[in-house]
Amino acid sequence: MVSRTVRRVPAPEDFTSPLRRPAVSARVGAWLGGCFAIAFVTGLISHYAQLPDPVLPVPPAPAWGYRVSQGLHVASGSAAIPLVLVKLYAVYPRLFARPPRARGELLRHALERVSIAVLVGAATFQLGSGLANAAGWYPWAFRFVPTHYAMAWIAVGALAVHVAVKLPAARAAVAEADPRDRGEALSRAGLLRVALTTAGLAAVATAAGVPGLRRVALFAPRSGDGPQGVPVNRTAAAAGITAAAIAGYRLEIAYAERRVRLSLADLLALPSRQARLPIACVEGWSASGTWQGVPVRALLDLVAAPRDSTVRVSSMQRFGGYRESTLPGPYADHPDTLLATHLAGEPLSLDHGAPARLIAPNRPGVLQTKWVSRLEVLP
Ligand SMILES: Nc1nc2c(c(=O)[nH]1)N[C@H]1C(S)=C(S)[C@@H](COP(=O)(O)O)O[C@H]1N2
Ligand SMILES: [Mo]
């Protein structure tokens, strides 16, 4: 017998799988909400930590703060990816919902649809661009940091509207029973277990900051076998720094009209200090090192700079976004903020910023300037 297929736009009722039910989408939605909340808060922390003059300054303690917060940022974002896929699978039939007949309902329906479109678009952008960033891949022309930051507010705004609209329905859906006796290949509980397991695996695959996990962190590009046990993000070669360029090294310290110039021998002759501090990259990986060098505060004392001075730290690097950073007063005065000359008991390798690099507690990796040639107190 030949059956004629009638081609028409499907209706939500045409999708009969019990997996595509509010009981699934509400639970996955709640987990996603948790991931987004963690990613948003830790993202704000990272953003404020990178602003030269933030309204809400991030303090230099605890030393491991940024490492944990940025690790959570990347892990929660990664965990959200499989959850979003399961959520979209579960709610896909709703795409075909017809607009309500009643005039009064129409506006509410339209607003809800628009907020979902914005949410899905913004979330896809955030997770996609964030994952690419964590993998050290920048295949776009826009500036990642301001775009990822602006889109976060759009995503959170749309999420707030979505939660407000859906909360009553989601509450009711979570209470719904799982119809296991219908003989489906995969029960709802089974699908939810798959969602949670893949989310956990995704988090682990990028959690390169957790000691011992770096080996299984497949999507985190830094292997941990960089020189002196610490990965390298931008190499000396990529930054245009050669061994010849650092041969006549001078460090200049400037405060108002005062200038002090030190050779490497002068710098090495000053009292030094050791600190065990992590490099914690915005890309989510982090690694601890035992650094040795002269405290930045002792160098500022050579030009009699007042306490709580904001300091511009400049590199010998001539091009590239991270050749300079701003060190807020509380960091400049912290005893563990060093102009490091040694790592793991040996002179710094060229890739780690030889002859001297900045290392400060609780500071994003991008601001731990390498190949430092100048410290300047800002007015
Ligand atoms: N001059 C300079 N310093 C820099 C960078 C750079 O590109 N140029 N990259 C930063 C980034 S993004 C990180 S994560 C750390 C990495 O330090 P490491 O290579 O010693 O691990 O260095 C920072 N310091
Ligand atoms: Mo970084």
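No lab work stands behind these numbers, since they all come straight from the coordinates. Please read all numbers here as calculations on a predicted model, not as lab measurements. Please note: Cβ atoms are built from the backbone with ideal geometry, for glycine as well, and neighbour counts cover all protein chains shown.
Any chance you could give the angle, 0 to 90 degrees and rounded to 10, that helix 65-91 forms with the longest Cα principal axis of the chain?
Rounded to the nearest ten degrees, it is 20.
Stokes-Einstein at 20 °C, 1.002 mPa s, Kirkwood radius from Cα pairs: D for the stretch 238-379 in µm² s⁻¹?
Translational diffusion coefficient: 144 µm²/s.
Comparing R363, R250, R234, which has the greatest mean-square fluctuation in the GNM of the chain with Cα pairs linked when under 10 Å apart?
Greatest mean-square fluctuation among the candidates belongs to R234.
Where does the chain land at 222 nm, in deg cm²/dmol rounded to the nearest 500, when only DSSP H runs of n ≥ 4 count, each adding -39500 (n - 2.57), divided by all residues?
Only helices count here, giving -14000 deg cm²/dmol.
With only alpha-carbon atoms counted, please give the Rg and Dmax of the stretch 288-346, in Å.
12.5, 32
How large is the Kirkwood hydrodynamic radius of the stretch 56-101, counting all unique pairs of alpha carbons, in Å?
14.1 Å
Sticking with the crude label model, points 7 Å out along Cα→Cβ, report the distance from L88 to E112 in nm, one decimal please.
It is 2.2 nm.
Using the Karplus curve 6.51 cos²θ - 1.76 cosθ + 1.60 with θ = phi - 60°, what ³J(HN,Hα) values do you get for each residue of the stretch 299-305, in whole Hz, with x for Gly and Pro?
Residue by residue, the stretch 299-305 yields 5, 5, 5, 5, 10, 6, 6 Hz.
Restricting the calculation to Cα positions, tell me the Rg (one decimal) and the Dmax (whole number) of the stretch 313-379 in Å.
When restricted to Cα atoms, the stretch 313-379 yields Rg and Dmax of 11.5, 36 Å.
Whole-Å semi-axes of the chain's equivalent ellipsoid, largest first, each the root of 5 times a Cα gyration tensor eigenvalue?
After diagonalising the Cα gyration tensor, the semi-axes are 52, 21, 17 Å.
Can you give me the orientation-averaged projected area of the convex hull built on the Cα atoms of the stretch 1-138, in nm²?
14.1 nm²
Quickly rank 163-171, 28-36, 187-195 as a protection proxy: mean count of other C-beta atoms within 10 Å, highest first.
So the peptides 163-171, 28-36, 187-195, ranked by packing, come out 28-36, 187-195, 163-171.
Helix 103-134 versus the longest principal axis of the chain: what angle, 0 to 90°, nearest 10, using Cα atoms?
Taking Cα atoms only, the helix is inclined about 40 degrees.
If you fit an axis through the alpha-carbon atoms of helix 188-206 and take the longest principal axis of the Cα set of the chain, what angle between them do you get, 0 to 90°, nearest 10?
So the helix axis and the longest Cα principal axis differ by about 20 degrees.
For the residue pair R259 and T197, what label-to-label distance in nm results when each label sits 7 Å from Cα along the Cα-to-beta-carbon direction?
6.6 nm
Taking the simple approach of a point 7 Å from Cα along Cα-to-Cβ for both A97 and Y149, what is their distance in nm?
Once both label points are built, they end up 3.6 nm from each other.
For the chain, with a Gaussian network of springs between Cα atoms less than 10 Å apart, report the residue from G43, G321, G345 with the top mean-square fluctuation.
Sorting by GNM fluctuation, first place goes to G321.
With θ taken as phi - 60° and the coefficients 6.51, -1.76 and 1.60, list the Karplus ³J(HN,Hα) couplings across the stretch 246-253 in order, rounded to whole Hz; mark glycine and proline as x.
My calculation for the stretch 246-253 gives 9, 4, x, 4, 9, 9, 10, 10 Hz in order.
Mark the label point 7 Å from the Cα of V163 along Cα→Cβ and return the residues of the stretch 35-67 whose backbone N is within less than 13 Å of it.
Under 13 Å, as judged by backbone N against the label point of V163, lie 35-41 of the stretch 35-67.
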